[in-house]
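First the structure, in the form of structure tokens, and then the observations on it.
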Amino acid sequence: MTNLVFGRRQAEALVYREARLLDDLELDEWLTLFTDDGIYWVPIDENAPVDESVSIIYDWPLRREERVRHLLDIPFPAQSPRSRTMHLVSNVESVKQESGEYLVRTNQIIHEIRVGDFSQVGLGVVNVLAGQVHYTVRIVNGNPLIAMKKVLLLNREMPQGNLTFML
Amino acid sequence: MSHHPQSVGTARGLTASNEFATVLVERVGDDPALLRISDLRRGRSVVLDPLELEAITRMSRDEIRALADPSYAGTFGQRARGEDFDGMVGDDEMQIEGISG
Amino acid sequence: MTESNEAADPGLVWTGPKRFRVRTAAYVDPVVFAREMKRVFESNWVFVAHESEISEPGNYKTSHIGLQPVIISRDDDRQIHVLLNRCVHRGAAVCREQRGSANLFRCPYHGWMYGNDGKLVGMSLAGGDAGYDSDFDRPEGLVRVPRVESYRGMVFASLNPDVKPLVEYLGRAAWIIDNKLDASPVGQIQLRSKPIVARYPGNWKFQAENIVDGYHFSFVHEGFTHLQRQYQDATGDFGVHAGNDSPADVRRVRSRGRNYGTPNGHGLTARPVADLVPWLEGKHGAYYRELLDAYGEERLKMIAGRSTASIFPNLGLIHHQIRVWRPLSANLTEVTVYPYDLVGVDEEINRGWLRSQERFYGAAGYGQPDDTEVFAVNQQGLSATAVDWLILERGLHAERDEGGGDWSGQPGGEVPQRSFWLEWMRRMESQEEQS
């Protein structure tokens with residue numbers, strides 16, 4: 001077992017890197033940030049049992065891979081033209097859990113815009129999403145990996161627009 | 001099915017809450033007989049004994065409605081009837097105090 | 001296209017031999033929108049809730065009839081009330097939460113109190129010279145939506161007291177509701193999850209048309225079909241789109257069965273299963289054998305197949321979800337997808353459906369965001385108002401009379417859409433008040 005301390009500085013390095021990979025669409029590399037059983041979860045109702053409640057995203061590993069393949073390899077109307085995104089990460093805290101994993105809490109603001117003919121409905125408008133993003137980080141062979149990324153959008157149970165980009 | 005949290009336990013007692021009111025029900029000290037019901041929005045409370053509480057169980061929904069009827073219960077003060085209202089804080093006084101919207 | 005022949009203005013919907021076209025204004029004109037709120041929504045049956053959303057006395061939820069906000073509540077006697085969400089005193093909204101439990105409602109403005117049956121319990125501070133006179137014309141309570149009827153737990157309400165009975169209004173659409181709900185061996189569904197809610201910058205009728213549109217699938221959802229070929233059922237558990245793993249399969253599945261039009265504007269698709277063996281002997285064979293015992297072979301072919309409905313004007317049924325579309329303006333619409341549980345089946349089956357529908361219909365999913373994107377693209381396209389007409393003539397030459405005013409066509413044709421528009425036109429253009 002390693003003695004690696006995963007404090008705020010180390011947590012920032014991880015989440016800043018993640019933000020960069022998401023914004024640059026380096027999504028195959030993004031997949032490697034997760035543990036083998038890592039979950040990517042964007043709940044609508046974070047307090048309801050996940051089996052009984054529909055989420056915005058509930059991706060187990062194969063679904064995370066599918067999301068990346070869908071976004072990178074397959075043209076579809078909701079991303080034609082594509083989104084540009086910018087993730088701003090702030091208020092980073094890292095707290096060790098009894099399990100030995102770390103809970104990294106962050107606040108994030110995501111700006112998103114779809115380019116193309118900006119005179120048209122839905123294009124050329126900057127959309128803003130804000131939320132808490134919580135990471136459960138597990139140290140595997142000395143490497144900090146994400147066992148759970150949970151995105152708690154401020155407007156999670158409200159009407160949503162097009163969220164077919166990386167949150 | 002409801003997604004609204006209807007009641008939560010607290011260190012002091014049990015809170016019942018919806019979008020219209022929030023009340024706290026708690027014991028009065030160690031007394032096994034008495035329950036205090038407090039209106040947490042307006043700060044009033046009443047202590048009821050088992051016989052009084054039992055009486056409520058015998059009430060019909062219409063009788064409870066009559067009990068809840070705000071017509072003659074001073075929302076801002078004591079229970080009052082009819083002409084007693086002239087003595088209550090009115091718009092003019094509230095405007096003077098600068099609290100009327 | 002322009003009208004060269006001025007003999008008669010065809011109005012908003014142009015019908016005739018080999019002719020079915022809809023005018024651009026029907027989707028974009030605010031005057032048309034205001035008229036359809038009155039003629040299509042406020043004079044008609046509108047879906048407002050499922051009974052399981054307010055299963056206990058005291059439960060309530062808010063909803064809408066067109067632009068009219070309403071409260072749906074269940075009283076002590078389990079009776080359901082649909083009430084306008086507006087204090088009769090000075091107009092404040094009474095309920096500000098989307099759902100909750102209350103026997104009494106209190107207006108936040110001056111404290112007028114109502115029972116959850118809508119009856120006025122009392123006006124606050126009623127007495128004295130500043131209060132109400134002894135002969136004050138006291139309102140009964142919250143204004144009541146005059147007609148409320150349920151079909152198998154689906155609650156409909158109407159602001160028009162003279163609407164025909166709900167079952168008569170539903171007609172053949174009730175058969176589709178039966179096909180959906182009988183996927184539960186006890187014939188019941190339960191809304192347990194919070195819904196998926198989306199808004200799109202387009203007209204509400206795009207959603208009403210599209211839910212029964214087989215034609216768009218191979219184009220708008222080509223990417224999903226591709227994904228499905230790659231991942232099969234591994235990422236959606238099973239079921240939602242099983243069988244759609246190649247473009248040829250999509251066409252095959254979508255050309256089976258019939259599309260139906262009805263006299264009250266509902267558009268329906270019913271595609272029975274040809275062979276029950278893969279279902280009865282598949283992964284969830286025990287479940288399908290239970291349905292076989294409950295309903296028999298012919299019914300099971302319909303239940304296990306695909307039944308989809310666009311129930312005029314605001315309710316959709318597809319897969320295991322209730323879908324409601326709510327017009328906000330001529331170019332803004334809210335869509336709510338309620339995934340439901342089938343009562344009396346394995347948790348695994350409900351969980352599978354939930355995850356599968358999330359994958360396709362979620363805001364970050366692989367299906368519905370493409371539909372709503374295309375609705376926005378449609379609205380954008382229709383800003384070219386110099387073009388008069390949209391064309392809805394697929395399969396017009398091959399329609400078949402089904403009796404009782406119903407008719408049918410091949411899936412992939414536009415019978416359901418024409419059914420919608422014919423009723424829409426009757427309501428919009430009739431001189432008399434509708435029922």
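One residue alone among C:ASP401, C:ASP370 is over 24 Å from C:PHE47 (Cβ atoms), of a type outside the set (A, V, I, L, M, F, W, C) and either in contact with a Cys (Cβ under 7 Å, 6 or more places away or on another chain) or in a strand (DSSP E or B) (or both), and that residue is C:ASP401. Condition first: free of Cβ contacts under 8 Å to residues at least 40 places away in the same chain, within 20 Å of C:ARG256 (Cβ to Cβ) and assigned to a loop (DSSP other than H, G, I, E, B). Now tell me which residues in the stretch C:270-329 satisfy that. Those that are free of Cβ contacts under 8 Å to residues at least 40 places away in the same chain, within 20 Å of C:ARG256 (Cβ to Cβ) and assigned to a loop (DSSP other than H, G, I, E, B): C:PRO272, C:VAL273, C:ALA274, C:ASP275, C:LEU276, C:GLY282.
For the stretch C:333-367, the candidate set comprises residues that are out of contact with any strand residue (DSSP E or B) (no Cβ under 9 Å at 6 or more places or on another chain) and part of a loop (DSSP other than H, G, I, E, B); within that set, the residue that is surrounded by the most Cβ atoms within 10 Å (Cβ to Cβ) is C:TYR366.
Hey, any hits in the stretch C:62-73 for a residue that's among the hydrophobic types (A, V, I, L, M, F, W, C) and either over 23 Å from C:ARG152 (Cα atoms) or more than 23 Å from the chain's Cα centre (by Cα) (or both)? Yes - at least one qualifying residue is present in the stretch C:62-73.
Scan the stretch C:191-205 for residues that are crowded, with 24+ Cβ neighbours inside 10 Å and free of Cβ contacts under 8 Å to residues at least 12 places away in the same chain and the total you get is 0. The criterion of being assigned by TED's automatic domain parsing to the domain that holds C:TRP424 and under 25 Å from A:SER55 (Cα atoms) does not hold for C:HIS216.
Can you name every one of the strands (runs of 3 or more DSSP E) wholly within the stretch C:82-177 that holds 1 or more residues which are within 30 Å of the chain's Cα centre (by Cα), away from chain B (no Cβ under 12 Å) and farther than 30 Å from C:ILE303 by Cα?
On the way: elements: C:99-101, C:104-106, C:113-115, C:120-122, C:147-151, C:154-158.
Ranges flagged: C:147-151.
Report yes if A:ALA130 is in contact with a Phe, Trp or Tyr (Cβ under 9 Å, 6 or more places away or on another chain) and touching a residue at least 24 places away in the same chain (Cβ under 8 Å), otherwise no. Step through it out loud before you land on a result.
Details: in contact with a Phe, Trp or Tyr (Cβ under 9 Å, 6 or more places away or on another chain): no; touching a residue at least 24 places away in the same chain (Cβ under 8 Å): yes.
The answer is no for A:ALA130.
Touching a residue at least 24 places away in the same chain (Cβ under 8 Å), part of a strand (DSSP E or B), in contact with a Lys or Arg (Cβ under 9 Å, 6 or more places away or on another chain) and surrounded by 22 or more Cβ atoms within 10 Å (Cβ to Cβ) - does that describe any residue in the stretch C:49-58? Scanning the stretch C:49-58 turns up at least one residue that is touching a residue at least 24 places away in the same chain (Cβ under 8 Å), part of a strand (DSSP E or B), in contact with a Lys or Arg (Cβ under 9 Å, 6 or more places away or on another chain) and surrounded by 22 or more Cβ atoms within 10 Å (Cβ to Cβ).
With the structure loaded, tell me whether C:SER55 is at the interface with another protein chain (Cβ under 10 Å from one of its Cβ atoms) and more than 25 Å from C:ALA34 (Cα to Cα) or whether it fails that test.
Values: at the interface with another protein chain (Cβ under 10 Å from one of its Cβ atoms): yes; more than 25 Å from C:ALA34 (Cα to Cα): yes.
Considered against the rule, which asks whether it is at the interface with another protein chain (Cβ under 10 Å from one of its Cβ atoms) and more than 25 Å from C:ALA34 (Cα to Cα), C:SER55 comes out as yes.
Would you please name the residue that is farthest from A:VAL121 (Cα to Cα), looking only at residues in the stretch C:369-403 that are in contact with a strand residue (DSSP E or B) (Cβ under 7 Å, 6 or more places away or on another chain) and within 14 Å of chain A (Cβ to nearest Cβ)? Checking each candidate, the answer is C:THR372.
The values are calculated or read from the model by the stated rules, or taken from the named source; none is laboratory data. It should be emphasised that the depicted structure is a prediction, and the values quoted were computed from it without experimental measurement. Positions of Cβ are backbone-derived with ideal geometry, glycine not excepted, and every protein chain shown enters the neighbour counts.
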